[in-house]
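First up is the structure itself, then whatever we jot down about it.
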Amino acid sequence: MPTVKANRKGNSSAEERFIELFCDVFGPERGQYVYMQYPFVDIYGGHRTIDYAINSHEGRIAIEVDGNQWHQPGIVSEDKYHDDLLKQNSLVYEGWKVYRWTSRQIEKTPERIKDELVTFLGTSTMFRYIEDALPPQQGKAFELREHQEEALAQLEAMRSAHETIALLYHATGTSKTVTAVSDARRLGKRTLFLAHTKELVYQAYNCFRNLWPEVSVGRYVEGYRETDAYVVCGSIQSVAANIGIFAPDDFGYLVIDECHHGTAETYRKIMSYFNPSFTLGLTATPERTDGEDLLDIFKNVAHKLDLKTAVELDTLVPVRCIRIATNIDLRDVRINGFQYNALDLESKIQIPGRNQLIVDTYCEYVKSRPTVVFCMSVRHAQEMADLFQAKGIDARSISGRTKPAERKHILEQYESGKIPVLCACDLLNEGWDSPHTQVLFMARPTMSKTIYMQQLGRGMRKSEGKDHLMVFDFVDNANLFNMPYSMHRLLNLSEYRPGGLVLGKKESIRWDHEMFAKGEKPEVLIDYPVHVTDMEHVDLFNWQEQAKDMVSQIEFTRRVSVQSETVERYIREGKLIPDLEVPIGERRSFKYFYPETVARYAREYNWKLITPANMKEMFMDMVTAMTMSYSYKPVFILAFLDHMDERGQARIEDVVQEFASFYEQRIEQGKAAEKRPCIFTKGGYTDKDVERLILSMPFKRFEDMNFMHHARHLGIIQLEKAIFRRLESADIERIRVCCRAALRQYFGEQDAVKSSFVGDI
């Protein structure tokens, strides 16, 4: 089991404390999907940043951590207050979900913040990388003419050319559907077919069964939930509403029928979630009534091209890489789950020796090629620009703090070739492309794949005479768990040759390797002082990538039918041994298990395994089996269902009132509240007493099984989303019937009692 000495503990800012809370809730492995200080442009063209940006299948999420003095008109200026409102309104206008907390809240009420994170984002949220630096999918629209074989041949040709999306238009629906089914069969991959009406769903269902009889065909519409079939024909509304029941890579082929009837938001949710190898839209017209081009909508909302495909398609330029080793030691730099402690990092890398090495590297290797140096802070960018200027190189620093007019002038000077070097902090990570750039200096260590990708994307745009991008990775010494990203770690390349192609067309990479094997230098490297016979191996251990397919301790407790306290105790006692342990402090670490390890321990200790796929069934089994020492469980369930809202939540005060009323009615009718002594028999109880009873007895078992969650600071009980999304009205009625039957049996048939929420029992 890999492990290293833990890093020292220090004081944290509000932002760093928030990161700790995020990791407590979701695990640090999900931190790689969080982008700090994400740039965006408001409705007036002003450049701003979001504290934390997250992309999920539910949409884009902006999280703001405000200083205690902000957003209070009595303390700050009215202009500042209104300006901050403009920022929030601009985010909402652009489709962001915005959540905000103050520094004081994070400092004083951390448990409340964690409750709210679970409530707002869920427990099993599927985060994804922000892909703004990557180009959209490639594809085309074409008309289905008389011969279906022509369309099939064209679709096959598109896939051979690495195109990934197509729009097929024709006046009649049947011909398009037959073509789609025939193409899906030819491709042979698991298929999801979506339509906006049940009639079209059933039409496609029958068409698939007739034309592709070798595979199973299922429906996801009305009362049908046939999710395990090889071909699933579903309603786009139903699938969008319950999208979490499928994994993003469940389907290799996605078909959306009559797509002109849908909305851009509907497409976004479906297409940004699923990641098929090919997507086909079927429509009567390639244009929407609102003037938007359907194909453009498809391209823009779908998953972006990956780097390798974009280079293969000649959309982005090839990339070469030179690694420059420093003598800087990052091994004792603290990490906050998914980022370096800013003060630690700055004190380590912002030193004269490392900064001078960067300038000397430019003078030796680059000379006059247009170069962007990515720096870790505004001060670092300015100091680097000063060092370049001391060498007679006209470099300029630029960041989010640079005044707009000055920023515009600097960028124009750089693009025209008058300024050869830009020292950039944050601003250029996103929202600025420079085909003019030929060289990138990765001088800012980062553990964020998103940030590294954003920086890389700034230089990969094509330009006349530009046949490649040269990336200089400045490699500092790090430990196993705080190692920064580099081109080789990004692309999982263990073999390094100075200046060698790391991204390119397959034949170009093969030719490049052959040149190096012969001891010959590719022509593009003639001006670079690299030795082609040099070769070294790169340590590619990446705990975030490894943990991505593992089960965190947090998730472990959600997957087995035991309490979190039991899991924690078993780990302390050595009964559960993690496969990976990531230290994040002197006494704290995050623990991970392979799925097969979880299954093995479940068998060993006779625990039930809980998955999103079986969670609803296990919940239904639990509430319908209704083993009872007290009558509390069915009464609690009925009260909860009566007050459950459209999000699967109920206010605990409402549940308390309804729960207590059941037993109070029994007493009013001269019957025993319970067969055993209870607070209702003794009397003198308060609402808090009833709440404690509910949480300690009937609710506790549901919580232990991760079927329900209690956000105590919000005063709500919430049904797990994986269950709530799958519950049909028939399921809810069945639960009510079972609860009423259980109460009749418990109290005896002769002991019937009427209750406003239980009915006749």
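The values are calculated or read from the model by the stated rules, or taken from the named source; none is laboratory data. Since the model is a prediction, treat every value here as computed from it, not as a measurement. Glycine gets a Cβ as well: all are built from the backbone with ideal geometry, and neighbour counts include every protein chain shown.
Among the residues making up region 126-147, a single one is surrounded by fewer than 18 Cβ atoms within 10 Å (Cβ to Cβ), part of a loop (DSSP other than H, G, I, E, B) and of a type in the set (Asp, Glu): Glu146.
Here's a check for you: in region 564-579, which residue that is of a type in the set (D, E, K, R) and outside any loop (DSSP other than H, G, I, E, B) is surrounded by the most Cβ atoms within 10 Å (Cβ to Cβ)? It would help to see each step written out before you state the result.
Within region 564-579, the first condition is being of a type in the set (D, E, K, R), and the residues that meet it are 565, 568-569, 572-573, 575, 579.
Okay, now just the ones that are also outside any loop (DSSP other than H, G, I, E, B), so 565, 568-569, 572.
Working: Glu565: 10, Glu568: 14, Arg569: 12, Arg572: 9.
Step by step, filter region 564-579, then rank; the result is Glu568.
Does Asp115 satisfy being charged (D, E, K, R), surrounded by 15 or more Cβ atoms within 10 Å (Cβ to Cβ), at pLDDT below 85 and assigned to a helix (DSSP H, G or I)? It is true that Asp115 is charged (D, E, K, R), surrounded by 15 or more Cβ atoms within 10 Å (Cβ to Cβ), at pLDDT below 85 and assigned to a helix (DSSP H, G or I). Take the residues of region 511-563 that are part of a loop (DSSP other than H, G, I, E, B) and among the small types (Gly, Ala, Ser): which is modelled with the lowest pLDDT? Per the criteria, the residue is Ser561.
Here is a yes/no grid of residues against (1) modelled with pLDDT of 90 or more; (2) on the phi > 0 side of the Ramachandran plot; (3) touching a helix residue (DSSP H, G or I) at 6+ places or on another chain (Cβ under 6 Å):
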{"residue": "Thr681", "(1), (2), (3)": "no, no, no"}
{"residue": "Asp687", "(1), (2), (3)": "yes, no, yes"}
{"residue": "Phe702", "(1), (2), (3)": "no, no, no"}
{"residue": "Arg712", "(1), (2), (3)": "no, no, no"}
{"residue": "Ile717", "(1), (2), (3)": "yes, no, yes"}
{"residue": "Lys721", "(1), (2), (3)": "no, no, no"}
{"residue": "Glu728", "(1), (2), (3)": "no, no, no"}
{"residue": "Arg734", "(1), (2), (3)": "yes, no, no"}
{"residue": "Ser756", "(1), (2), (3)": "no, no, no"}
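Looking at region 289-302, which of the residues that are surrounded by fewer than 21 Cβ atoms within 10 Å (Cβ to Cβ) and in a loop (DSSP other than H, G, I, E, B) is modelled with the highest pLDDT? Per the criteria, the residue is Glu292. In this structure, Glu464 does not satisfy being surrounded by fewer than 19 Cβ atoms within 10 Å (Cβ to Cβ), assigned to a helix (DSSP H, G or I), over 34 Å from the mean Cα position of the chain (by Cα) and of a type in the set (D, E, K, R). Would a scan of region 140-157 turn up a residue that is out of contact with any Ser or Thr (no Cβ under 9 Å at 6 or more places or on another chain) and under 21 Å from Pro248 (Cα atoms)? No. Condition test on Glu150, is it on the phi < 0 side of the Ramachandran plot, of a type in the set (Asp, Glu) and part of a helix (DSSP H, G or I)? For Glu150, the condition - on the phi < 0 side of the Ramachandran plot, of a type in the set (Asp, Glu) and part of a helix (DSSP H, G or I) - is met.
Mind checking which pairs have a first residue in region 231-258 that is closer than 23 Å to Leu727 by Cβ and a second that is in a loop (DSSP other than H, G, I, E, B) and at pLDDT 95 or above, Cβ under 7 Å, 6 or more apart or different chains? Matching pairs, first to second residue: Asp250/Arg190.
Among the residues of region 560-600, count how many are charged (D, E, K, R), closer than 14 Å to Trp543 by Cβ and touching a Lys or Arg at 6+ places or on another chain (Cβ under 6 Å). Matching residues across region 560-600 total 1.
Go through region 363-378 and give me each residue that's over 13 Å from Leu456 (Cα atoms) and under 29 Å from the mean Cα position of the chain (by Cα). Spell out how you get there, then give the answer.
The initial filter retains those residues of region 363-378 that are over 13 Å from Leu456 (Cα atoms), namely 363-370, 375-378.
Residues satisfying the conditions are Cys375, Met376, Ser377, Val378.
Pairing residues of region 514-538 that are in contact (Cβ under 8 Å) with a residue 40 or more places away in the chain and closer than 16 Å to Phe472 by Cβ with residues that are among the hydrophobic types (A, V, I, L, M, F, W, C) and in a loop (DSSP other than H, G, I, E, B), at Cβ distances under 9 Å and at least 6 apart in sequence or on separate chains, gives Leu525/Val532; Val538/Leu493.
Of a type in the set (A, V, I, L, M), over 29 Å from the mean Cα position of the chain (by Cα) and not in a helix (DSSP H, G or I), is that true of Ile393? Outline the logic, then answer.
On the way: of a type in the set (A, V, I, L, M): yes; over 29 Å from the mean Cα position of the chain (by Cα): yes; not in a helix (DSSP H, G or I): yes.
It is true that Ile393 is of a type in the set (A, V, I, L, M), over 29 Å from the mean Cα position of the chain (by Cα) and not in a helix (DSSP H, G or I).
Here is a yes/no grid of residues against (1) farther than 30 Å from Leu456 by Cα; (2) acidic (Asp, Glu); (3) in contact (Cβ under 8 Å) with a residue 24 or more places away in the chain:
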position	(1), (2), (3)
Pro136	no, no, yes
Lys140	no, no, yes
Gln148	yes, no, yes
Leu194	yes, no, yes
Arg209	yes, no, no
Tyr220	yes, no, no
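Based on what the data block shows, is Ala381 in a helix (DSSP H, G or I), in contact with a Cys (Cβ under 6 Å, 6 or more places away or on another chain) and among the small types (Gly, Ala, Ser)? Yes; evaluated as a whole, the condition is true for this residue.
Out of Thr681, Thr624, one residue alone is over 19 Å from Ile735 (Cβ atoms) and either outside the structural domain of Val562 (by TED's automatic domain parsing) or among the polar types (S, T, N, Q) (or both). It is Thr681. Kindly check whether there is at least one residue in region 651-667 that is in contact with a strand residue (DSSP E or B) (Cβ under 6 Å, 6 or more places away or on another chain), over 21 Å from Phe747 (Cα atoms), at pLDDT below 90 and not assigned by TED's automatic domain parsing to the domain that holds Ser561. Taking every residue of region 651-667 in turn, none turns out to be in contact with a strand residue (DSSP E or B) (Cβ under 6 Å, 6 or more places away or on another chain), over 21 Å from Phe747 (Cα atoms), at pLDDT below 90 and not assigned by TED's automatic domain parsing to the domain that holds Ser561.
Is it the case that Phe636 is within 22 Å of Ile723 (Cα to Cα), within 34 Å of the chain's Cα centre (by Cα) and part of a helix (DSSP H, G or I)? Considered against the rule, which asks whether it is within 22 Å of Ile723 (Cα to Cα), within 34 Å of the chain's Cα centre (by Cα) and part of a helix (DSSP H, G or I), Phe636 comes out as no. Within region 591-630, the only residue that satisfies the criterion of being among the hydroxyl-bearing types (Ser, Thr, Tyr), touching a helix residue (DSSP H, G or I) at 6+ places or on another chain (Cβ under 6 Å) and surrounded by fewer than 17 Cβ atoms within 10 Å (Cβ to Cβ) is Thr624. Among the criteria (1) among the hydrophobic types (A, V, I, L, M, F, W, C); (2) under 28 Å from the mean Cα position of the chain (by Cα); (3) surrounded by fewer than 21 Cβ atoms within 10 Å (Cβ to Cβ), the one Val311 does not fulfil is (3).
Scan Thr437, Thr402, Thr446 and give me the residue that is within 18 Å of Met470 (Cα to Cα) and of a type in the set (S, T, N, Q). Even if it seems obvious, please write down each step before you answer.
On the way: Thr402 fails: within 18 Å of Met470 (Cα to Cα); Thr446 fails: within 18 Å of Met470 (Cα to Cα).
None of the others qualify; the one that does is Thr437.
Scanning region 487-502 for residues that are more than 25 Å from the chain's Cα centre (by Cα) and either free of Cβ contacts under 8 Å to residues at least 60 places away in the same chain or not in a loop (DSSP other than H, G, I, E, B) (or both) yields Ser494, Glu495, Tyr496, Arg497, Leu501, Val502. Does at least one position in region 345-353 carry a residue that is touching a helix residue (DSSP H, G or I) at 6+ places or on another chain (Cβ under 6 Å) and not in a helix (DSSP H, G or I)? Yes, region 345-353 contains a residue that is touching a helix residue (DSSP H, G or I) at 6+ places or on another chain (Cβ under 6 Å) and not in a helix (DSSP H, G or I).
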